[in-house]
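Working notes for the structure below.
The values are calculated or read from the model by the stated rules, or taken from the named source; none is laboratory data. Source: prediction; values computed, not measured. Cβ placement follows ideal geometry from the backbone for every residue including glycine, while neighbour counts extend to all protein chains displayed. We work out accessible area using only protein heavy atoms, side chains counted, and drop any ligands, DNA or RNA first. Shrake-Rupley method; radii C 1.70, N 1.55, O 1.52, S 1.80 Å.
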Amino acid sequence: MGMFTKEQLQQFIKENDIKTAGDIQDALKNMFAETLQEFMEAELDTHLGYAKHDTKNKKTTNSRNGKSAPKAVTTELGEIQIRTPRDREGDYQPQIVKKHQNDLSGMENQIISMYAKGMSTRDIQAHFNDIYGVELSPTLVSNITDRILPQVQQWQNRPLQQVYAVVFMDAIHYKVRQDNAIVNKAAYMVIGIDLEGHKDVLGMWVGENESAKFWLGVLNDLKSRGVNDILINCVDNLNGFS
């Protein structure tokens, strides 16, 4: 089921009054439009140097000046409506969605990829440079992640089901450059299949290397998020699993 539990999907369906496949498409478009709107708000925060309502840190004569009229842009989910935030002095030049830009096809996958790559400043800058051909400042990247991180953390800490029929636990080993040296890392993956046959990524963790001690921490995390029983564990022969 991906990022959502069965209960969360049921709530999503109820809140959006979903009855047809078209309703699902509309709901997803609305979610993407809201995320994109938050990106633009973060960009204006960076331009002005202070967050909305944070007047004590304001060090400029410039200020927010509402939003533009609704603008239609094309995405892979269909057409969405956005409103570009404006500044009073008129020197803000949006980069997330540039003036006169009305086609964002493919951006959805870039945003998802940005989440998946771990939210590092370098990776996010590389992604947005790929999308727009511009270099984003570390401050702007930080503002964007500050707005998006709560959504990521909500997924990481979301409650899980009490019982899973099958759970696969394994680690992927890879090398990465860290402090001018090549070091080994292990990405711990846990994938569960619930009693109705739905597959879900229960979590992903990164450690220095695969160890029984780290897996113990992973299992404790699953337990703290509500897992009480697993009928079949699919694991390798690493000491400590039993």
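Would you confirm whether any residue within the range 106-114 is modelled with pLDDT of 80 or more and either over 30 Å from residue 176 (Cα atoms) or hydroxyl-bearing (Ser, Thr, Tyr) (or both)?
Looking through the range 106-114, none of the residues is modelled with pLDDT of 80 or more and either over 30 Å from residue 176 (Cα atoms) or hydroxyl-bearing (Ser, Thr, Tyr) (or both).
Identify, please: which residue in the range 181-213 is aliphatic (A, V, I, L, M) and open to solvent by 90 Å² or more (accessible area, probe 1.4 Å) and is, among those, farthest from residue 153 (Cα to Cα)?
That would be 182.
Tally up the residues in the range 181-199 that are among the β-branched types (Val, Ile, Thr) and either modelled with pLDDT of 90 or more or not in a strand (DSSP E or B) (or both), please.
Of the residues in the range 181-199, 3 are among the β-branched types (Val, Ile, Thr) and either modelled with pLDDT of 90 or more or not in a strand (DSSP E or B) (or both).
Being within 22 Å of the chain's Cα centre (by Cα) and open to solvent by less than 50 Å² (accessible area, probe 1.4 Å) is the filter; apply it to the range 66-83 and report the residue that is nearest to residue 36 (Cα to Cα).
My answer is 82.
Go through the range 200-234 and count every residue that is part of a helix (DSSP H, G or I), among the small types (Gly, Ala, Ser) and within 14 Å of residue 169 (Cα to Cα).
The qualifying residues number 2.
Go through (1) under 28 Å from residue 161 (Cβ atoms); (2) open to solvent by less than 50 Å² (accessible area, probe 1.4 Å); (3) modelled with pLDDT of 70 or more one by one and return the number of the condition residue 63 breaks.
Going through the list (1) under 28 Å from residue 161 (Cβ atoms); (2) open to solvent by less than 50 Å² (accessible area, probe 1.4 Å); (3) modelled with pLDDT of 70 or more, residue 63 breaks only (1).
Tally the residues that are touching a residue at least 60 places away in the same chain (Cβ under 8 Å), open to solvent by less than 50 Å² (accessible area, probe 1.4 Å) and in a strand (DSSP E or B), restricting the search to the range 148-180.
Qualifying residue count, the range 148-180: 6.
Is it true that some residue in the range 162-172 is modelled with pLDDT of 90 or more and under 22 Å from the mean Cα position of the chain (by Cα)?
Looking through the range 162-172, none of the residues is modelled with pLDDT of 90 or more and under 22 Å from the mean Cα position of the chain (by Cα).
Can you tell me which residue within the range 83-104, out of those that are in a strand (DSSP E or B) and at pLDDT 85 or above, is nearest to residue 30 (Cα to Cα)?
85
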